[in-house]
């Protein structure tokens, strides 16, 4: 038999004290008081109150246990069924949400929560048509329920029925022009239709109402990017990092946007911010190196590329550009070491082989230079530059016949290359083959009648011929 009082208080008094604690957000104390009330009078309402307190504490499993006890005592306790459905939603048990909502509808067929929450659960389970049916029932009960209209529109986006989605969102913002999600979702539907102008129109309306929505600014940025409107792209990025200053990806993208505008110092500032947030962001280090290189600050470019390859030792583009930068600093051995790293990782990397050849040329090591070009033409026999510089290297080594062989490969690929016809003439001249030298020079003059170098060489070989 239950006592009439505990510690001198009745069930009603314990319950009243529990509500006071709940209002003060002291939910654990509230539970203790409701449990005292239960000892005296184990009724449905008190189990409901305890469940609601556990709900507030985030203990949804215990809350459900209490709601189940509440409805076992009183199956008509609609509030317990409603909160049970939301607790199941928090736990991701959407099938149980649907079952709870069905119980609510049995008790009260026109209960908005029963139909709306069931629609949400069906949507999360992927039963889109059933979700729409529930939302439409919600709208029968409450024709201006914007959340239901908005969710129907969102389902139509999932189903790629974008025009139908837009109709829903238009109704939403007609009912309440301050309903932010209506504007955002309408913009999203137009974005899916590849209509950047309309996307921008509606997202701009949305961010005026809620300027703190990062996802909206991201989509707005994408729409401006589609129109190549870099100034507005930057405006979006600035808003995003204003909301979340630790968004390294946006700082990085802002750097790219400043590069597009040709503002390399600003781009570098953004990349510096990126690596300050995420020191392992190799692409930011790499892009910073490229920008410093273009600004001719080669020492800082080296540091940036070195940071990139410390993060990723297989980053061939960073190794290659590190070598190119060392070439500019005339530290050719370090340049060669960098290019060798590239070809160790990717033996078919044509740029690294070519750049290595340039470094060997600067060191006067023409035999090593030639080996670089040989590897290139082995992979790509049509590489004119490799054939040309191989010819120049053979010429430096006074191996004029091999130089001629290389130059002839070039003019075979590109018969209009004036410079190579001239070099071919010089090489034949050095071999004392005046006839062929003269023929090469004449070809130059056919292509460029006033070429001063060719005219001078023609004069020389004509004298020797006579």
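Every number here is computed from the coordinates shown, using simple stated rules; none is lab data. Here the structure is a predicted model, which is why all the values come from computation and not from measurement. Because the Cβ atoms are built from the backbone with ideal geometry, glycine has one as well, and the counts that use them run over all protein chains shown.
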Which residues in the range 229-256 have a backbone N closer than 11 Å to a point placed 7 Å from the Cα of residue 263 along the Cα-to-Cβ line?
231-232, 234-235, 238, 255
Answer label, with P(r) over Cα pairs in 10 Å bins from 0, in percent calculated from the coordinates and candidates (i) 4, 17, 25, 23, 18, 10, 2, 0; (ii) 3, 14, 18, 14, 6, 3, 5, 10, 12, 9, 5, 1, 0; (iii) 4, 13, 14, 14, 14, 12, 10, 7, 6, 4, 2, 1, 0, 0
(iii)
Once both label points are put 7 Å beyond Cα along the C-beta direction, the residue 10-residue 379 separation in nm becomes 9.2
Between helix 196-209 and the chain: long-axis angle, C-alpha atoms, 0 to 90°, nearest 10
50
Counting only Cα, what are the radius of gyration and maximum Cα-Cα distance Dmax of the range 412-460, in Å?
9.7, 28
Any chance you could run the full-extension gain for residue 448 through residue 242? It's 0.36 nm times the residue separation minus the Cα-Cα distance, nm to one decimal.
68.2 nm
Let's test the formula: R0 of 35 Å, r as the Cβ-Cβ distance of residue 95 and residue 204. What FRET efficiency results, to the nearest 0.05?
0.30
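Taking 22 Å as R0, compute the FRET efficiency from the Cβ-Cβ separation of residue 345 and residue 279 and round it to 0.05.
Taking R0 as 22 Å, the efficiency between residue 345 and residue 279 is 0.45.
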Taking a label point 7 Å from the Cα of residue 435 along Cα-to-Cβ, the residues of the range 404-425 whose backbone nitrogen sits under 17 Å from it are 425
Given points 7 Å out from each Cα along the Cα-Cβ axis, report the residue 456 to residue 398 separation in nanometres with one decimal.
2.2
Quick one, what does Rg over Rh come out to for the range 140-288 if you take C-alpha atoms and the Kirkwood Rh?
1.08
Points 7 angstrom from Cα along the Cβ direction at residue 130 and residue 295: gap in nanometres?
6.0
Quickly estimate the mean residue ellipticity at 222 nm for the chain, helices only: each DSSP H run with n ≥ 4 gives -39500 (n - 2.57), and the total goes over all residues, rounded to 500.
-25000 deg cm²/dmol
Give the angle, between 0 and 90 degrees and rounded to the nearest 10, that separates the Cα long axis of helix 162-175 from the longest principal axis of the Cα atoms of the chain.
50
Extension gain, residue 56 back to residue 412 (0.36 nm per residue minus Cα-Cα distance, nm)
119.9 nm
Given 366-376, 283-293, 158-168, the highest-first ranking by average Cβ count within 10 Å works out to 283-293, 366-376, 158-168
Among 422-433, 226-237, 16-27, how do they line up from the highest to the lowest mean number of other beta-carbon atoms within 10 Å?
422-433, 226-237, 16-27
Cα-only Debye scattering, the range 61-122: base-10 log of I(q)/I(0) at q = 0.12, 0.27, 0.29 Å⁻¹
-0.23, -1.12, -1.25
Relative compactness, the range 240-399, computed as alpha-carbon Rg over 2.2 N^0.38 Å
1.20
Based on the alpha-carbon gyration tensor of the range 146-223, what equivalent-ellipsoid semi-axes (square roots of 5 times the eigenvalues) come out, in whole Å, largest first?
17, 15, 10
Radius of gyration, Dmax [the range 68-224; alpha carbons; angstrom]
17.5, 59
In degrees rounded to 10, the 0-90 angle between helix 366-379 Cα long axis and the longest Cα principal axis of the chain is 60
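What FRET efficiency comes out for residue 76 versus residue 212 if R0 is 51 angstrom and r is the Cβ-Cβ distance? Round to the nearest 0.05.
0.75
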Which of the peptides 96-109, 407-420 is most tightly packed, and how do the rest follow, going by the mean number of other Cβ atoms within 10 Å of each residue?
96-109, 407-420
Separation between Cα centres of the range 243-291 and the range 34-104, rounded to whole Å:
51
